[in-house]
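The values are calculated or read from the model by the stated rules, or taken from the named source; none is laboratory data. The structure displayed is predicted, hence computed values, not measured ones. Here the Cβ positions follow ideal geometry from the backbone for every residue, glycine too, while neighbour counts run over all protein chains shown. SASA here: full protein model, heavy atoms, side chains in, ligands and nucleic acids out. Shrake-Rupley method; radii C 1.70, N 1.55, O 1.52, S 1.80 Å.
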Amino acid sequence: MLPLHNPALLRQQALINGQWLDADDGQHLAVHKPANGELIARVPAMGQAETRRAITAAAAAQAQWKLQTGKARSVLLRRWYELIMANQQDLAVILTSEQGKPLSEARGEIAYAASFVDWFADEAKRGYGDVAPSPQADKRIVVLKQPVGVAAAITPWNFPAAMITRKAAPAFAAGCAMVLKPASQTPLTALALGWLAEQAGFPAGLFNVLTGSATLIGEVLTASPLVRKLSFTGSTEVGRQLMAQSAPTIKKLSLELGGNAPFIVFEDADLDAAVEGAMVSKFRNAGQTCVCANRIYVQRAVYERFAAKLVAAVQALQVGDGMAPGSTQGPLIDARAVAKVEEHIADALAKGGRLLCGGQRHALGGSFFEPTVIADASPAMLFAREETFGPLAPLFCFDDIDEVIRAANDSEFGLAGYFYSRDLARAWQVAEQLECGMVGINTGLISNEVGPFGGIKQSGLGREGSRYGMDEYLESKYLCFGGL
Ligand code: ADP
């Protein structure tokens, strides 16, 4: 049993049209604790018929919801926000249990998740349109913003709470309804958020949470003409597939896909600050975030000094069960994630990489892995092209700015990039030249509800959070008044 103040938050049924239901055929998915493999709960494996019912319910709810004022929508969102924060500890316990991250990080994620609800509770009141000066004297031109309709969301396991609210809050603020399919590794946080939305007074059908096979549910969500919008966070590979599946119904898409973030340390950087930034960017969530530094480039004059300081910081990490006090790095999500880190390490060492620390599965066993630093990284190594998604920091050495910008941009991805420098002119130059959607300058932590989150190139489409985030759930309707 999980240590919860309110056991009602642990839901083991899916939410459709305000009802908590099992699958029609009674099938379940088991949810395990990555820290020790223990079974935590079973959730229904909802199928295609259940998905169709959820879409129909969402469409009916949306027809009413869109008629509400922005202020009325704001009031409900604010209540949801308050309930999430009031249950921060329990939600964090559920999150850590199914995902593995340290409890302090999980509490941070719940606050981060709630911040989107708070933000969009305000934005709900600001769905401004436009009045444009007419080119003809007898006409007037007005632009209205209207909700897209039913939105579907498919979310990943690395941020089981925040990836949901970053999609659901703007959708509800804009006047859309949602059918959510959370990752099968982490459905419990999603169901708890659904339950809190219900407690906040959301009308039945507005927010439906379907656990089950991503392929089966995804097929119905993408094929349905009633679903007008799909927002997905996950791998580029699955994003590409969902984009293709959405083509026949020409859905609006938001895709937050893979990254391969460069993290550049120039010789004039504050090295201690750069190490601190690299630690949070690389090792937060055990390296399992899409904005994690994946390639660390350090200018030659400070290369060895930076490496020594980074290794000292990495060796101070405390690997352990996320629920244990003092843990700063939990287990990886599963054995496949561990295998990928091992593959990247073996490949780098075979190609001349120098192991500075870590490199092995952790003595705790399971999917725990030692935080690892490899020096003398080169472009031929796998992590130069692919996201490791684990606690491995490769250090590349560079000489000049053009060389490092070329290397940083030599990727099909373009999500986040980071650099440390105290030279203002260089900061502008690098910030403008990096090919990515988000740039951290003298910081390794860029995520918040106010800045637009999203990527370019094959890292995706659209922006989440910020004042731009609601546009993803709104259409512009142009009214042309003639004969005036
Ligand atoms: P990750 O590597 O982070 O697990 P995925 O892209 O595989 O990323 O998964 C992200 C989300 O997409 C999860 O909710 C997963 O269940 C879902 N997903 C995976 N494959 C498909 C698919 N074929 N159709 C729809 N959703 C999918």
One residue from Ser411, Ser466 being farther than 25 Å from Glu123 by Cα, of a type in the set (S, T, N, Q) and part of a loop (DSSP other than H, G, I, E, B): Ser411
Selection from the stretch 406-430 of residues that are open to solvent by 10 Å² or more (accessible area, probe 1.4 Å) and in contact with a Pro (Cβ under 9 Å, 6 or more places away or on another chain): Ala407, Asn409, Asp410, Ser411
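Tell me, please, whether a residue that is part of a helix (DSSP H, G or I) and in contact with a strand residue (DSSP E or B) (Cβ under 8 Å, 6 or more places away or on another chain) can be found in the stretch 71-94.
Here is the first cut: in the stretch 71-94, the ones part of a helix (DSSP H, G or I) are 71-86, 88-94.
If we keep only those that are in contact with a strand residue (DSSP E or B) (Cβ under 8 Å, 6 or more places away or on another chain) as well, we get none.
No: the stretch 71-94 contains no residue that is part of a helix (DSSP H, G or I) and in contact with a strand residue (DSSP E or B) (Cβ under 8 Å, 6 or more places away or on another chain).
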Subset of the stretch 431-455 (residues that are free of Cβ contacts under 8 Å to residues at least 60 places away in the same chain and open to solvent by 60 Å² or more (accessible area, probe 1.4 Å)): Glu432, Gln433, Glu435, Ile441
Those helices (runs of 4 or more DSSP H) lying entirely in the stretch 263-356 with at least 3 residues among the charged types (D, E, K, R), open to solvent by less than 40 Å² (accessible area, probe 1.4 Å) and modelled with pLDDT under 95: none
First in the stretch 222-249 and under 19 Å from Leu415 (Cα atoms), second anywhere and open to solvent by 60 Å² or more (accessible area, probe 1.4 Å) and at pLDDT 95 or above, Cβ under 7 Å, 6 or more apart: Thr236/Gln458
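Take Lys33 and tell me if it is surrounded by fewer than 17 Cβ atoms within 10 Å (Cβ to Cβ) and of a type in the set (Lys, Arg). Write out each step before concluding.
Numbers: surrounded by fewer than 17 Cβ atoms within 10 Å (Cβ to Cβ): no; of a type in the set (Lys, Arg): yes.
Here the answer is no, as Lys33 does not meet what is asked.
Condition (residue is of a type in the set (D, E, K, R) and touching a helix residue (DSSP H, G or I) at 6+ places or on another chain (Cβ under 8 Å)) applied to the stretch 61-68: is it met by at least one residue? So that I can check it myself, show each step before the final result.
In the first step, residues of the stretch 61-68 are kept if they are of a type in the set (D, E, K, R); the result is 66.
In the following step, the residues that additionally are touching a helix residue (DSSP H, G or I) at 6+ places or on another chain (Cβ under 8 Å) were identified as none.
There is no residue in the stretch 61-68 that is of a type in the set (D, E, K, R) and touching a helix residue (DSSP H, G or I) at 6+ places or on another chain (Cβ under 8 Å).
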Complete set of residues in the stretch 228-260 that are over 20 Å from Trp157 (Cβ atoms) and either within 9 Å of the ligand (Cβ to nearest atom) or in a loop (DSSP other than H, G, I, E, B) (or both): Gln245, Ala247, Pro248, Thr249, Ile250, Lys251
Which numbered condition Pro394 misses (of (1) in contact (Cβ under 8 Å) with a residue 60 or more places away in the chain; (2) assigned to a loop (DSSP other than H, G, I, E, B); (3) not hydrophobic (A, V, I, L, M, F, W, C)): (2)
Close pairs (7 angstrom Cβ cut-off, 6 or more residues apart or separate chains): more than 20 Å from Glu475 (Cα to Cα) in the stretch 134-145, open to solvent by 90 Å² or more (accessible area, probe 1.4 Å) anywhere: Ser134/Arg140; Asp138/Leu484; Lys139/Phe481; Lys139/Leu484
Test: Met243 is closer than 24 Å to Gly37 by Cβ and either hydrophobic (A, V, I, L, M, F, W, C) or touching a strand residue (DSSP E or B) at 6+ places or on another chain (Cβ under 6 Å) (or both): no
Qualifying residue in the stretch 417-433 (condition: more than 25 Å from the chain's Cα centre (by Cα), part of a loop (DSSP other than H, G, I, E, B) and acidic (Asp, Glu)): yes
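The rows are residues; the columns are (1) in contact with a Cys (Cβ under 9 Å, 6 or more places away or on another chain); (2) surrounded by fewer than 24 Cβ atoms within 10 Å (Cβ to Cβ); (3) within 30 Å of Gly320 (Cβ to Cβ); (4) modelled with pLDDT of 95 or more.
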residue: Arg107; (1), (2), (3), (4): no, yes, yes, yes
residue: Asp118; (1), (2), (3), (4): no, yes, no, yes
residue: Pro133; (1), (2), (3), (4): no, yes, no, yes
residue: Val148; (1), (2), (3), (4): yes, yes, no, yes
residue: Ala151; (1), (2), (3), (4): yes, no, no, yes
residue: Ala169; (1), (2), (3), (4): no, no, no, yes
residue: Leu180; (1), (2), (3), (4): no, no, no, yes
residue: Gln185; (1), (2), (3), (4): no, yes, yes, yes
Strands (runs of 3 or more DSSP E) contained in the stretch 10-65 and holding at least 1 residues farther than 30 Å from Arg336 by Cα: 14-16, 19-21
